[in-house]
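A quick write-up on the structure given underneath.
Read the figures in this text as sums done on the coordinates, not as results from a lab. Note that the coordinates shown come from a computational prediction; the quantities given were computed from them, not determined experimentally. So basically every Cβ, Gly included, is an ideal-geometry build from the backbone, and we count neighbours across all protein chains shown.
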Amino acid sequence: MTVDQQKPIETYAPQGSPEEVLLAYPGQRPEGSYLTDGTEIVQLSENFDEFFEQCDTLLAKQGLPGMDQRIPVVTYGANANPWNLEEKLQRASLRDAQENELSTVPVCVAELPDIAVVWHGRTSQKGSVFSELYAGPEAEGLQTTAHVAFLTVEQLGMVHVTEGSTYGVVELPVVAGSEKAKLKAFAYTALDASVLLKDGKPVLVDGVQSATTELPHMAAHEAVEYILHQPAVESRVGKKDPRTFVAEGIAMTLAERKARQAQVSAGLAEEGLRKAYYFESEHAQPTGRLALAAMLGNPGGIVLADEVFRRIRPTREEVAAEAASLAESDAVLKIKEGESREEAALRTARLRLDPMVRLRAGAHDELALRQHLDGQE
């Protein structure tokens, strides 16, 4: 087995101020196939069969689940940046053993036939932009370069939580490796998606599509500038440059961000520069643990059950240590009636450390969303 190159994961870390980082979305990504353990990137073969074999060998040495125990997931936005993906996965990591298990991800380079990566038809809550998969007629003939991450159930559960209940999971045919191996992988698409337009055409995310195309393309900062310069948007949010707009968004409350986001959406719609779009798929489902269960052939139960996550949950000792630290610090705790500071600290520590709190909330949100959608049918 030949390992061609190793790079520290910091090579792909975002640089600059918070505003500059958001306006540099989706960030850097390795050109080829690789495996990361959260600290470095090991470049692997471009041949998919060789990549598969190399990964199995490296994973076996670490005592980690092999490739046939992992779920392929297309990464095309911020998740394609290994630093960003590591940050997401480490939100649940509490101990060194867990860190190794959650951080190690095999990733192969792939192409998405007849699919484009375009800018969403509104700004993000903080004021930058984010990407969407688009399979409309304008994408016919395109070969979009993306990556496929092979995730364990635990890793996919954490990614599910960060994507929120506004996204759906679809199954896509992808072409992987230099020998064009065909496989199916899951991908996240927004349930309430829209596409940014210029001259009536979808705007591509700059640098992602591998084929020559006449469609307009922009980098993130260019897309934000384009949006802010539209008269109907400017009349709603004021005349601002992208960096100022994002800086204001960072400082806003969640309610303020959503209100401003709605104003931008309305302005783009008035200008005719925002088109609603829904990525059609035979297996489209609302996101969450129930959706994954259905996609994996378990429609009657939650495949990402609590027991599956027992290895990434905090121990009693870790909760007690965190609670003691909170109780002794100057931290502001929300103390319920009849509750001591120590009891409030213990309750807060459990909420803060246990990833299942977020996972349960995601499942609850999904059930509510499904009931809402059922009522519309």
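Please give me the summed charge of the neighbours of residue 173: other residues whose Cβ is under 11 Å from its Cβ, Lys and Arg +1, Asp and Glu -1. Write out the running numbers ahead of the final one.
Numbers: positive: 182, 184; negative: 111, 114, 171.
Spelling it out: positives minus negatives among the neighbours equals -1.
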Which ordering of 36, 152 is given by a fewest-first count of other beta-carbon atoms within 10 Å? 152, 36
Search the structure for amide H atoms under 5 Å from the amide H of residue 144, placed 1.01 Å from N in the peptide plane, and list their residues when 5 or more places away or on another chain. 112, 114, 115, 210
Got a sec to turn the phi values of region 121-126 into Karplus ³J(HN,Hα) couplings, 6.51 cos²θ - 1.76 cosθ + 1.60 with θ = phi - 60°, whole Hz, x for Gly and Pro? x, 6, 7, 6, 4, 8
Can you flag which of 182/275; 201/240; 201/275; 126/258; 7/184 are past 20 Å Cα-Cα? 182/275; 201/240; 7/184
Restricting attention to the alpha-carbon atoms of region 212-263, what are Rg (one decimal) and Dmax (integer), both in Å? 12.7, 41
In the neighbourhood of residue 263 defined by beta carbon distances under 12 Å, the net charge of the other residues (Lys, Arg +1; Asp, Glu -1) is +2
Tabulate in residue order the Karplus-calculated ³J(HN,Hα) for region 6-14, using 6.51 cos²θ - 1.76 cosθ + 1.60 with θ = phi - 60°, rounded to whole Hz; enter x for Gly and Pro. 10, 9, x, 5, 4, 4, 9, 6, x
With N residues in region 5-276, what two-decimal value do you get for its Cα radius of gyration over 2.2 N^0.38 Å? 1.03
Using the crude model of +1 on Lys and Arg Cβ and -1 on Asp and Glu Cβ, and no other charge, please compute the dipole size for region 5-276 relative to its Cα centre, in debye to 20. 900
Could you tell me how far the Cα centroid of region 317-342 sits from the Cα centroid of region 133-156, in Å? 44
Tell me, what ³J(HN,Hα) does each residue in region 315-332 have, in order and in whole Hz, if you take phi through Karplus 6.51 cos²θ - 1.76 cosθ + 1.60 with θ = phi - 60° and put x for Gly and Pro? 7, 4, 5, 5, 5, 5, 5, 5, 5, 4, 5, 5, 5, 8, 8, 8, 4, 7
Rg/Rg_globular for region 165-258, with Rg_globular taken as 2.2 N^0.38 Å and Rg from C-alpha atoms: 1.42
